[in-house]
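Single-structure report; data block below.
Derivation of every value follows stated rules applied to the coordinates shown; laboratory data play no part. Here the structure is a predicted model, which is why all the values come from computation and not from measurement. Using ideal geometry, Cβ is built from the backbone for each residue, glycine included, and neighbour counts are taken over all protein chains shown.
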Amino acid sequence: MPKPIADDLRRRLLEAWGAGEGSLRELAVRFRVSYWYARKIREQQLRTGQAERVPQSRHGFVSRVNETAREQLRTWVREQPDRTLAELQELLRRRQGIPISRPRVSQLLRELGLRRKKNAARA
């Protein structure tokens, strides 16, 4: 992913536009940015009132699994390490009220550094 253009360049371009030193097209050539970028930052300035970059919001969904649920999952795996993903999924759904998919349960286990161990007595 390319680096964002520095705030000082944005500010200088917008100050030059505000001082009437040229059109956005002319200033884009002068500051070596695309016209569409110059237009975008001008629209952002009109919307927010600031010349600096607007902080980006978090991408993707916010996880339903909070720290309490993570600790509970950790406890369940320590108590009975041979639980299946389906069992852990059901426990999270029933006891924590979190609807979650099996792949997400597996991902959480990896994030927590937990391994499920099969019971040798079953074999």
Check: Within region 30-56, which residues are hydrophobic (A, V, I, L, M, F, W, C) and surrounded by 14 or more Cβ atoms within 10 Å (Cβ to Cβ)?
Finding: Phe31, Val33, Ala38, Ile41, Ala51
Next item on the list: Scan region 1-59 for residues that are in a loop (DSSP other than H, G, I, E, B), among the aliphatic types (A, V, I, L, M) and within 26 Å of the chain's Cα centre (by Cα) and report the count.
Entry: 5
Note to self: Let me confirm something: among Arg53, Arg78, which residue is out of contact with any Pro (no Cβ under 7 Å at 6 or more places or on another chain) and basic (Lys, Arg)?
What the structure shows: Arg78
Notebook entry, point to check: Can you tell me which residues in region 23-80 are of a type in the set (Ser, Thr, Tyr), farther than 30 Å from Leu91 by Cα and in contact with a helix residue (DSSP H, G or I) (Cβ under 9 Å, 6 or more places away or on another chain)?
Noted result: Ser23, Ser34, Tyr35, Tyr37
